[in-house]
Amino acid sequence: MKILIVGSGGREHALGWKIKQSKQVEQLYFAPGNAGTASLGQNIPVGVSSFGEIKQAVLQHQIDMVLVGPEIPLVDGIRDFFLADEQLCKIPIIGPDQQGAMLEGSKDFAKAFMMKYNIPTARYETFTAGETDKAAGFMKTLNPPYVLKADGLAAGKGVLIIDQYDEALTELSAMLDGKFGDASRKVVIEEFLSGTELSVFVLTDGKNYKILPEAKDYKRIGEGDTGLNTGGMGAISPVPFANMEFMKKVEERIVIPTVEGLQKEQIDYRGFIFLGLINVNGDPVVIEYNVRMGDPETEAVMLRIASDFVDLLKGVAEQNLNTRELIIDQRNAATVMMVSGGYPGDYEKGKVISGTEKVSNSLVFHAGTALKDGEIVTAGGRVLALSAYGSSRSEALETAYQDAALISFEGKYYRKDLGFDL
Ligand code: AMP
Ligand code: GLY
């Protein structure tokens with residue numbers, strides 16, 4: 001098989017690494033990929049939302065399956081584009097259609113879906129311009145802090161958590177006025193939940209599902225979970241509190257009603273459902289849905305899948321996932337994200353990366369890298385994800401840290417306290 005992976009981050013490199021292990025794969029392509037994915041297959045220089053150019057690449061290289069990494073092309077309707085095209089409609093594409101992708105593309109849609117199917121989530125209401133008085137009334141029924149969410153995609157920046165009532169109202173007005181562009185013309189206000197977060201990944205063909213290994217990511221730039229939010233500074237899998245009892249609740253209260261709800265809504269969902277959950281006194285509650293794998297969670301989760309991943313993807317495409325086997329590696333996996341100095345604020349690109357050849361105990365997944373004059377250089381805030389196995393979480397982290405120390409680039413930074421809270 002020839003498989004095309006759409007995307008260019010550490011997630012796509014890790015997916016490619018796992019997929020490449022399958023005997024069923026003849027050639028891998030990435031659109032657009034990065035310096036790391038170039039060692040697994042061929043990078044095709046097209047953007048993730050350039051559907052016309054993706055079509056050309058699929059036809060030119062006789063691609064047999066497309067796997068979509070990021071949410072934007074899904075929310076923009078890449079699956080619908082394939083299904084509507086005579087030449088593409090028979091080529092399996094892993095990822096939901098535009099309607100299914102609204103689970104991530106619209107917080108209001110996701111919340112209404114959860115209410116309808118009785119899936120545990122924070123109490124909420126949605127407001128649009130001119131409804132600030134109504135919102136003020138609803139906020140009086142909540143205890144601070146106040147959670148304000150832009151309805152649409154806002155590059156991970158659309159959620160504000162504010163302690164003061166007055167400030168929350170001011171921010172609400174700013175959001176409705178377009179603080180996050182059209183994404184915040186509608187705002188979800190919800191109850192604040194406290195607990196530890198985790199990410200649970202479900203692969204579904206629309207009828208059957210498999211629960212992939214769970215993970216926990218570390219979003220803040222600073223040690224001890226301080227400072228600004230980032231795309232993710234590292235991940236660990238498994239998550240100790242996600243024991244059998246907890247995961248049984250996740251399956252019964254969240255996974256099954258979600259998959260059944262999608263069916264009832266007549267959404268033919270074939271792809272990943274990423275459940276952003278919070279553990280509230282032993283009970284899982286949904287913070288958000290995403291319609292893709294997580295990054296950097298994927299860089300840890302892929303290490304824990306022992307079976308043929310392409311076989312699972314074929315099960316999704318052919319809607320017989322129930323006949324496919326998911327084997328989970330019982331070892332621990334940890335991912336340490338190495339980032340550019342200054343990230344998530346301003347940072348410089350083009351710094352030469354050296355030392356990756358010295359790494360022997362971890363996998364080096366590239367996130368933001370490029371090839372320039374034969375050298376690997378930084379090309380993003382998140383640069384490299386180092387992933388390692390261990391018989392314990394601390395052993396896996398220790399290995400990834402030892403290898404991170406071997407790599408150099410100007411301004412390199414990574415958190416050294418991952419797992420501190422568990
Ligand atoms: P989201 O984009 O919905 O995942 O929100 C981003 C982050 O905001 C989450 O990962 C949580 O850390 C936090 N968050 C979102 N909703 C809530 C909530 N209801 N209670 C507490 N924290 C929240
Ligand atoms: N790691 C969180 C995300 O991918 O959204």
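The values are calculated or read from the model by the stated rules, or taken from the named source; none is laboratory data. Quick caveat: nothing in here was measured; it's all calculated off a predicted structure. When we count neighbours, we look across all protein chains shown, and the Cβ atoms used for this are built from the backbone with ideal geometry, even at glycine.
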Scope the stretch 133-157; condition within 28 Å of the chain's Cα centre (by Cα), of a type outside the set (Gly, Ala, Ser) and not in a loop (DSSP other than H, G, I, E, B); matching residues: TYR146, VAL147, LEU148, LYS149
From the options ALA396, ALA385, residue that is touching a Phe, Trp or Tyr at 6+ places or on another chain (Cβ under 7 Å), assigned to a strand (DSSP E or B) and crowded, with 17+ Cβ neighbours inside 10 Å: ALA385
Candidates GLY419, GLY341, filtered to the one that is part of a loop (DSSP other than H, G, I, E, B) and on the phi > 0 side of the Ramachandran plot: GLY419
Qualifying position, being modelled with pLDDT of 95 or more and exposed (fewer than 14 other Cβ atoms within 10 Å of the Cβ), among LYS107, LYS116: LYS116
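Residues checked against (1) within 16 Å of ligand 1 (Cβ to nearest atom); (2) under 23 Å from PRO96 (Cα atoms); (3) at pLDDT 95 or above:
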residue	(1), (2), (3)
ASN279	yes, no, yes
ILE287	yes, yes, yes
ARG304	no, no, yes
GLN330	no, no, yes
ALA334	no, no, yes
MET338	no, no, yes
VAL364	no, no, yes
Residue, surrounded by the most Cβ atoms within 10 Å (Cβ to Cβ), within the stretch 222-248, restricted to residues that are part of a loop (DSSP other than H, G, I, E, B) and either among the acidic types (Asp, Glu) or in contact with a Leu (Cβ under 9 Å, 6 or more places away or on another chain) (or both): MET233
Close pairs from the stretch 58-76: first in contact (Cβ under 8 Å) with a residue 60 or more places away in the chain, partner hydroxyl-bearing (Ser, Thr, Tyr) and surrounded by fewer than 22 Cβ atoms within 10 Å (Cβ to Cβ), Cβ under 8 Å, at least 6 apart: ILE72/SER49; PRO73/SER49
Condition check for GLY206: more than 15 Å from ligand 1 (Cβ to nearest atom), surrounded by fewer than 15 Cβ atoms within 10 Å (Cβ to Cβ) and in a loop (DSSP other than H, G, I, E, B): no
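One line per residue, one yes/no per condition, for (1) surrounded by fewer than 20 Cβ atoms within 10 Å (Cβ to Cβ); (2) under 23 Å from SER387 (Cβ atoms):
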position: VAL286; (1), (2): no, no
position: GLY294; (1), (2): no, yes
position: GLU299; (1), (2): no, yes
position: LEU303; (1), (2): no, yes
position: LEU313; (1), (2): no, yes
position: GLU318; (1), (2): yes, no
position: ASP329; (1), (2): yes, yes
position: ASN332; (1), (2): no, yes
position: MET337; (1), (2): no, yes
Tally of residues being without any contact (Cβ under 8 Å) to a residue 40 or more places away in the chain and assigned to a helix (DSSP H, G or I) across the stretch 315-338: 1
Residue check for GLY261: small (Gly, Ala, Ser) and within 16 Å of ligand 2 (Cβ to nearest atom): no
Residues of the stretch 166-214 that turn out to be among the small types (Gly, Ala, Ser) and within 19 Å of LEU321 (Cβ to Cβ), as a count: 1
Residue tally, condition in a loop (DSSP other than H, G, I, E, B), of a type outside the set (A, V, I, L, M) and surrounded by 15 or more Cβ atoms within 10 Å (Cβ to Cβ), over the stretch 362-378: 2
Every pair of residues 6+ apart whose Cβ atoms lie under 9 Å, when the first sits in the stretch 203-216 and is at pLDDT 95 or above while the second is among the acidic types (Asp, Glu) and surrounded by 24 or more Cβ atoms within 10 Å (Cβ to Cβ): GLU214/GLU297; ALA215/GLU297; LYS216/GLU297
So ARG270, is it away from ligand 1 (no atom under 14 Å from the Cβ), surrounded by 23 or more Cβ atoms within 10 Å (Cβ to Cβ) and within 30 Å of GLY380 (Cβ to Cβ): yes
Candidate set: the stretch 190-200, residues that are within 10 Å of ligand 1 (Cβ to nearest atom) and touching a helix residue (DSSP H, G or I) at 6+ places or on another chain (Cβ under 9 Å); chosen: the one nearest to ALA110 (Cα to Cα): GLU190
Contacts under 9 angstrom Cβ, first residue in the stretch 342-370 being farther than 27 Å from ASN229 by Cα, partner of a type in the set (Ser, Thr, Tyr) and at pLDDT below 95, 6 or more apart: none
Selection count, the stretch 158-190, where residues are in a loop (DSSP other than H, G, I, E, B) and surrounded by fewer than 15 Cβ atoms within 10 Å (Cβ to Cβ): 4
Top-ranked residue in the stretch 124-152 [being within 12 Å of ligand 1 (Cβ to nearest atom) and in contact with a Lys or Arg (Cβ under 7 Å, 6 or more places away or on another chain); ranked as farthest from ILE278 (Cα to Cα)]: ASP151
Unmet requirement for THR121, which otherwise passes all of (1) over 28 Å from VAL255 (Cβ atoms); (2) within 11 Å of ligand 1 (Cβ to nearest atom): (1)
